[in-house]
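Written out below as structure tokens is the structure these notes cover.
FYI, it's all coordinate maths here, none of it is from the lab. Keep in mind that this is a model prediction, so the values were computed, not measured. Note that we place each Cβ from the backbone using ideal geometry, even for glycine, and neighbour counts take in every protein chain shown.
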Amino acid sequence: MLAFLSGGTGTPKLLRGMRTLLADGEMAVVVNTAEDMWFSGGHLSPDIDTVIYLFSGLLNTETWWGIAGDTFATHDFLIRLGEDEFIALGDRDRAVNLMRAELLRSGSTLTEATRSLCTRLGIAARVLPMADTPVTTRVRTAAGSLHFQEYWVRQKGKVAISGVERVYETPPAATREVLEAIAGADAVILGPSNPVTSISPILECAGVRQALEDAFVVAVSPFIGDAPVSGPAADLMRAWGMEPSSAGTWQLYEPFANVFIQDIRDPVTVPGSVRFDTLMTGTGAAARLAGEILRIAGITP
Ligand code: GDP
């Protein structure tokens, strides 16, 4: 059994490779929920949906969000009606958001709602929201604080940010399911997801760091040199007071990680790290990296 900590791009790419080697039922994926929001009457949980769509074979792997071949009739008509729907939600994707919203409104926890969606979509992997209470990543800009989605989707990451904060009413705690998945895993993989907005929100849930200290943890860097493979991780790391590199990433993971994987092209030296080709340009490349991780974890596929 493997457990993963995941955002919505880097780790899902690794999961795509891992699925060619391991049965889905052998994987538990703990997913960041700090980018969630109530949106257009539904409940948007972008990282959970990317993982669910991956395991159900629905994911648009050009963008790593949304459903392949989805249509946008509702979004287009909402815009025509003058609605400010700043995220282009596909029609099928919206159906998932609406169903999750209904489940939450009728009293399900996010863990239960996710389980229900997974069952309906025939998913054998365990997809686990990191926590059942809301927590939101917000960024500080000269014009005030913005929800991460406002910054990344509406503003396209083009505004300068001076800080990153997590906002909640109740300090988030890992669910029982998350702690059991970590404790029961032969290895826990921190995929190459954004350290600030995807992995750290999970690490900040009460109980997670302690559970990781008792686990065999393999972490993969999302950086090559001073740039991430994609996305806003460099600006976010700087705004968070961390060096935007594998060295900065290792500083965050070093207290509990046993193995740190850097890309063979990365000019930054992290003593003790191991080097592989981590550029997952397709399923084959992702499967090769997944195979190396299984070898490190002593798991024979
Ligand atoms: P988000 O939720 O969409 O922001 O996605 P994640 O946090 O899961 O992943 C974003 C991170 O994935 C970025 O920091 C990228 O640098 C990293 N990433 C994307 N593709 C690759 C890849 O092929 N290899 C590596 N090493 N990192 C990748």
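Of the listed peptides 54-65, 233-244, 73-84, 5-16, what is their order by residue-averaged count of other C-beta atoms within 10 Å, with the highest listed first?
So the peptides 54-65, 233-244, 73-84, 5-16, ranked by packing, come out 5-16, 233-244, 54-65, 73-84.
About its Cα centre, what dipole magnitude does the stretch 124-268 give when the only charges are +1 on Lys and Arg Cβ and -1 on Asp and Glu Cβ, stated in debye to the nearest 20? Intermediate values should be presented prior to the final figure.
Values: 11 positive and 16 negative charges, 118 e Å.
Magnitude of the dipole: close to 560 debye.
From Cα coordinates alone, what are the radius of gyration and Dmax values for the stretch 1-136 in angstrom?
14.6, 49
Tell me, what is a quarter of the convex hull surface for the C-alpha atoms of the stretch 221-269, in nm² with one decimal? All intermediate terms of the calculation are to be shown ahead of the outcome.
Working: hull surface 13.2 nm².
Its average projected convex-hull area is 3.3 nm².
Subtracting the Cα-Cα distance from 0.36 nm times the residue separation, let me have the gained length for Arg105 to Ala183 in nm, one decimal.
On the way: separation 78, 0.36 × 78 = 28.08 nm, distance 3.10 nm.
Extending this stretch completely gives an extra 25.0 nm.
In debye to the nearest 20, how big a dipole does the stretch 1-109 give about its Cα centre with +1 on each Lys and Arg Cβ and -1 on each Asp and Glu Cβ? Don't jump to the answer; show the numbers that get you there.
Numbers: 8 positive and 15 negative charges, 57 e Å.
Computed about the Cα centre, the dipole is about 280 debye.
Pull out a ≥ b ≥ c, the square roots of the eigenvalues of the alpha-carbon gyration tensor of the stretch 195-281, then state rounded if a/c is under 1.5, prolate if not and a/b is larger than b/c, and oblate in the remaining case.
On the way: a/c = 1.86, a/b = 1.24, b/c = 1.50.
Judged from the Cα gyration tensor, the stretch 195-281 comes out oblate (a/c at least 1.5, b/c at or above a/b).
Using each residue's phi in the stretch 251-259, evaluate 6.51 cos²θ - 1.76 cosθ + 1.60 at θ = phi - 60° and report the 3J(HN,Hα) Karplus result to the nearest Hz, with x for Gly and Pro.
Computed from phi, the couplings for the stretch 251-259 are 4, 6, 9, 3, x, 9, 7, 8, 9 Hz.
Around Phe72, with a cut-off of 14 angstrom between Cβ atoms, what is the net charge of the other residues, counting Lys and Arg +1 and Asp and Glu -1?
Working: positive: Arg80, Arg92, Arg94; negative: Asp70, Asp76, Glu83, Glu85, Asp91, Asp93.
Result for the neighbourhood of Phe72: -3.
Under 1.5 on a/c is rounded, so check that first for the stretch 172-245, then, if it is not, pick prolate when a/b is larger than b/c and oblate when it is not; a ≥ b ≥ c are the square roots of the alpha carbon gyration tensor eigenvalues.
Values: a/c = 2.83, a/b = 1.83, b/c = 1.54.
Since a/c reaches 1.5 and a/b is larger than b/c, the shape of the stretch 172-245 is classed as prolate.
Using 0.36 nm per residue, how much length does the chain from Thr71 to Arg92 gain when fully extended, once their Cα-Cα distance is taken away?
Working: separation 21, 0.36 × 21 = 7.56 nm, distance 0.75 nm.
Taking 0.36 nm per residue and subtracting the Cα distance, the gain is 6.8 nm.
Let's test the formula: R0 of 51 Å, r as the Cβ-Cβ distance of Arg265 and Glu83. What FRET efficiency results, to the nearest 0.05? Don't skip to the end; give the middle numbers.
Numbers: r = 44 Å, r/R0 = 0.87.
The calculated FRET efficiency here is 0.70.
Quick check on the stretch 1-80: what are the equivalent-ellipsoid semi-axes from the Cα gyration tensor, as sqrt(5λ), descending, whole Å?
On the way: eigenvalues 139, 43, 16 Å².
Rounded to whole Å, the semi-axes are 26, 15, 9.
With the Cα gyration tensor of the chain in hand, convert its eigenvalues to equivalent ellipsoid semi-axes via √(5λ) and list them largest first in whole Å.
Details: eigenvalues 160, 103, 72 Å².
Listed largest to smallest, the semi-axes of the chain are 28, 23, 19 Å.
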